[in-house]
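Contents: one structure, followed by commentary.
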Amino acid sequence: MAADAASASARTGRLGTDRIRTAALAIVALSVLWRAQVASGGFLAADDYVMITQAAESNLTVEHLLALYNNHLMPGGRLLTWLITEHVGMAYWPYVLLMAIGQAILGITFFRLLRRLLQPSWLLLLPLGALMFSPLTLEATSWWAVGVNMLPMQIAMVLAVGAQVSYVQTRRKRHLVTLALSVLLGLIFFEKAILVVALVFLLTAALYAEGGFFRTIWTTIRRWWPSWLLLTVLSLGFLAAYLSNSESSLRRPASTGEVFSFLTQMLGSTVVPGLVGGPWQWLGAGDGAPVAAPPELGTWVAWTIFVALVVATVRRRRRAGRAWLLLGSYLVLVAAMLAATRLGSTFSGVAGGVPRYVSDVVVVAAICLGVAVVGLARPSRFASATEPPTGDTPRTTPMALPEPRDGRAPDSGVPQTVAAPSATAPPAGPTAPPEGPTAPPEDPTAPVLAEAVRTGRPARVVARLGVIHAEAPVDPEPDPASTTAPDVAPPTASVADSVPDAEAGAVRAPDPVVEPHPSSSPDAGDASTADPPPRDADDRPTGPDRRPPAAAPSDPLGPPPPGLLGPLPERYREAVNVMLALLLVAVCLGTVWTTSRYSDEWAVKSSRSYIDTVRIEMASAPPDTVFFDAPVPDNVVPSLSWPYNLQSRFFRAFGTRPTYVDEADHVSVLDALGRIQVATIVGSTIQPGPQEGCGYLVASGQTVRMPLNEPRDDWHWVARIGYLSSADGTATLRFGTGTAEFPVKKGLNQRFFRIVGGGDAVELTVAGSDVSLCTNEIAIGNPAPKPE
């Protein structure tokens, strides 16, 4: 009977954990599928084509991988782009698949971090959902040029924080290796991942160190110095390699007002609205991702919700204040980096409204939300037998002690070893029958572990969640229950909690163990360090929370972790629950609306229509169709990306690419929609000639000057000449300092050719025996579709 009860208890624990994990995996899966659907509605855009063109023009060499793109060092991104371009070509679906995989990895690793960092609770799903569905990360899961940088950085942030938290909790050196590899993962995709180093330090100081500002910094440096030594060496090595090959991206803001406008836009229009489901409205930006443009009312509502959340969590949990300070500190770093590299440029007016610049902030915000709402995980109850003692952790030697006959610790004037009460020891004297079902008895042969209490005044033993804890060195007042009924033994904590620690593999504790009470934080269940300092008398909990009750025998899992409302009076609980539920529903609906509007904007892709039309036109074009090289439309690739916006380079990864020439009798062009059209030249033309029916007559060996209707600057131009020749020969056209020689054929013909020069007139010379040429059609400019 007892064995069946114990087995049922274990199944309940595992089932509860599985339910949270199942819900988390469902959230991750829903997010991945939804984001993949949003991404697949769009197409490649702007920088994607430049990266694909560079990959198509290069071999897989170290030089190509380490080449900077817009001053970004991203060998990992170049490698993935090269592989897809080489084996698939200009296609979008491989990039959508990679971004979906990255989103899935991010969700799974972040949930594992939450399980290690925070207390077990259904509220873990709040920060997970905030990260997976935040509109601020939409660009990172739909635009390859953004996702190839940002998704690996976000994954590196999660892995690095998880490794540091594991090192703080266990002091195992293998976590330092994971920490270094995580930072390297981010750096090979995006140099901005250097901020991961700062994030790891700030998070450790905010969540695992105590005291004022300077004491916190000093404690963080001293206690976990191996992490900082490793990260410092890694950071200096990367910065030396990056700065030696890059150009300075630092800019000087035009004015203080520009900085203020940028900060107002970044915080007011992008970050805060984005964290609560906004911005609800987007401003289209061509083929690129839209810019956040929230309504003014929405901005005020977002700030109200955010401030209310911060105030409520800080009032309930002291550690929440440090969590929000962590978010603010990271925001300062991001804002400083953006201000130093984006302001003072052409696009500085919208720099604060671009969500991709602050996508990494969402990871930090989700972590801080979890700490503020759920609380940090308690220190591990079981020390590893192979774990070496550290300078901050007192040495303790567990031993088996004989049980005292009266069930009490021996009374002595010196500190004694406190033994956990055994389930097999009968209580001395009469005992009150326990209420509810009794817990299954423990194995009578199992030894009772004890842990030495720090020297000094004997510590009082209290029960919390079914485990015996040593209270702070300063003894509290005696429990009134113990003084009024000294002969009645309290009910024994029967079954230990199931510890959801996947790495340790511990599922069920065999016996209650003695453990120092996590007294570093006044919140219930919010432990900050693995070896908290002694708590002063002023920090002791007072009132009914002074002595937490032991787990009821009918609840083998112990009392549930603290909820979101904390110690709210019962009469207000229902109303507040309804308000919180409505607020959560409103945020979810706002997220759905924002994502849908983004999907609509992202689905409008001029480049996709252009490429599809070119493919169809090229499939039906005659084999001798040739083109002069020209830029693709600006809404496909901006002119700022020259020379990668030229058609000859844009179509390098194309399946059937057009043929480009510098001289031909008949030339075609692609119009703005991608259709093949007969070419003409739009630009300057010669003035009508003096010979009626001929225009300008050029005899063999003569040079005739022909003025233009408007001058042309020195540049690369295309010339077209229509002529009537008496015989075959050659001719030379001079335009300023530039000359071009072309063949002349008998009869009525035309010729297109390139020429570099400028001026207000051209000179034509004909060479050959008995060749005379008439022309009244010479144009210098750029190719364009011939009007129908």
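Nothing in this text is a laboratory measurement; each read-out follows from the coordinates by a stated rule. None of these values were measured; they are calculated from a predicted model. Backbone-built Cβ (ideal geometry, glycine too); neighbour counts: all protein chains shown.
Taking the simple approach of a point 7 Å from Cα along Cα-to-Cβ for both L580 and T256, what is their distance in nm?
Roughly 4.4 nm, to one decimal.
Run through region 711-788 and list the trypsin sites (Lys or Arg not before Pro) located in a DSSP loop whose Cβ has at most 15 other Cβ atoms within 10 Å.
Working: sites: R712, R720, R734, K745, K746, R751, R754; in loops: K745, K746.
Hits after loop and neighbour filter: K745, K746.
Between L283 and A308, what is the spin-label point distance in nm, taking each point 7 Å from the Cα along the Cα→C-beta axis?
Modelled inter-label distance: 2.9 nm.
Just report the Cα centroid separation between region 174-242 and region 129-158, whole Å.
Taking the Cα centre of each part, region 174-242 and region 129-158 sit 22 Å apart.
Could you list M157, M51 in order of exposure, starting from the residue whose Cβ has the fewest other Cβ atoms within 10 Å? Could you put the intermediate results ahead of the total?
Details: M157 29, M51 23.
Listing M157, M51 from fewest to most nearby Cβ atoms yields M51, M157.
If we count every other residue with Cβ under 13 angstrom of A293's Cβ, Lys/Arg +1 and Asp/Glu -1, where does the sum land? Write down the numbers at each step before the final one.
Values: positive: R597; negative: E296, E601.
Residues close to A293 contribute a combined charge of -1.
Going Cα to Cα from K605, which lysines come in below 19 Å? Please leave out same-chain ones fewer than 8 positions away.
none
Taking H placed 1.01 Å from N in the peptide plane, check which residues at least 5 places from A209 or on another chain put their amide H under 5 Å from its amide H.
Long-range HN contacts for A209: none found.
Please report T270, T703, T341, T137 as a ranked list, fewest other C-beta atoms within 10 angstrom at the top and most at the bottom. Working shown, then result.
Working: T270 26, T703 11, T341 17, T137 29.
Ordered from fewest to most neighbouring Cβ atoms within 10 Å, T270, T703, T341, T137 come out as T703, T341, T270, T137.
Under 27 Å from the Cα of K173, which lysines turn up, not counting those fewer than eight places away in the same chain?
Straight-distance partners of K173: K192.
Given labels modelled 7 Å from the Cα in the Cβ direction, how far is it in nm from S249 to L640?
Label at S249, label at L640, 1.3 nm between them.
Collect residues whose amide H, placed 1.01 Å from N in the peptide plane, falls under 5 Å from the amide H of G738; neighbours closer than 5 in sequence don't count.
Placed amide hydrogens put G758 under 5 Å from G738.
Sorted from fewest to most neighbouring beta carbons within 10 Å, what does the list F628, F110 look like?
Details: F628 22, F110 27.
Ascending Cβ contact count within 10 Å gives the list F628, F110.
Determine ³J(HN,Hα), in whole Hz, for all residues of region 290-307 in sequence, where each value follows from phi through the Karplus function 6.51 cos²θ - 1.76 cosθ + 1.60 and θ = phi - 60°; x replaces Gly and Pro.
Rounded to whole hertz, the list is x, 9, 5, 9, x, x, 4, 4, x, 5, 5, 5, 4, 5, 4, 5, 5, 5.
Which peptide among 60-66, 645-651 comes first, and what is the full order, when sorted by highest mean count of other Cβ atoms within 10 Å? Could the numbers behind the result be given before it?
On the way: 60-66: 12.0, 645-651: 21.4.
Output ranking for 60-66, 645-651: 645-651, 60-66.
Under 5 Å between amide hydrogens, which residues at least 5 positions from V762 or on another chain qualify, with H placed 1.01 Å from N in the peptide plane?
M706, L708
Relative contact order for region 679-785: what percent, with Cα pairs under 8 Å and sequence separation of 6 or more?
Numbers: 307 pairs, mean separation 46.4, N = 107.
The value is 43 percent.
What's the local net charge at V50, with K and R +1, D and E -1, over the other residues with C-beta under 15 Å away? Please list the in-between numbers first.
On the way: positive: R78, R649, R652; negative: D47, D48, E57, D287, D634.
Charge balance near V50 sits at -2.
Using θ = phi - 60° and the Karplus form 6.51 cos²θ - 1.76 cosθ + 1.60, what ³J(HN,Hα) does each residue of region 732-745 get, whole Hz, x for Gly and Pro?
So the J values, rounded to whole Hz, are 10, 10, 10, 9, x, 8, x, 9, 8, 9, 9, x, 10, 10.
Hey, with R₀ at 25 Å, roughly what FRET efficiency would R318 and W218 work out to, going by the Cβ-Cβ distance, to 0.05? Write out the running numbers ahead of the final one.
Details: r = 20 Å, r/R0 = 0.82.
Efficiency for this residue pair is about 0.75.
Straight-line reach from K746: which lysines have Cα under 25 Å away, leaving out those fewer than 8 places along the same chain?
Excluding near neighbours in sequence, the set is K786.
Just to check I understand the Karplus step: with θ = phi - 60° and J = 6.51 cos²θ - 1.76 cosθ + 1.60, what whole-Hz values come out for region 623-636, glycine and proline as x?
For region 623-636, the Karplus-derived couplings read x, 8, 6, 10, 9, 8, 5, 8, x, 6, x, 4, 7, 9 Hz, x marking Gly and Pro.
Would you work out the charge dipole size for region 679-785 about its Cα centre, treating the Cβ of every Lys and Arg as +1 and the Cβ of every Asp and Glu as -1, and quote it to the nearest 20 debye? It would help to have the intermediate numbers written out before the result.
Working: 8 positive and 10 negative charges, 50 e Å.
I would put it at about 240 debye.
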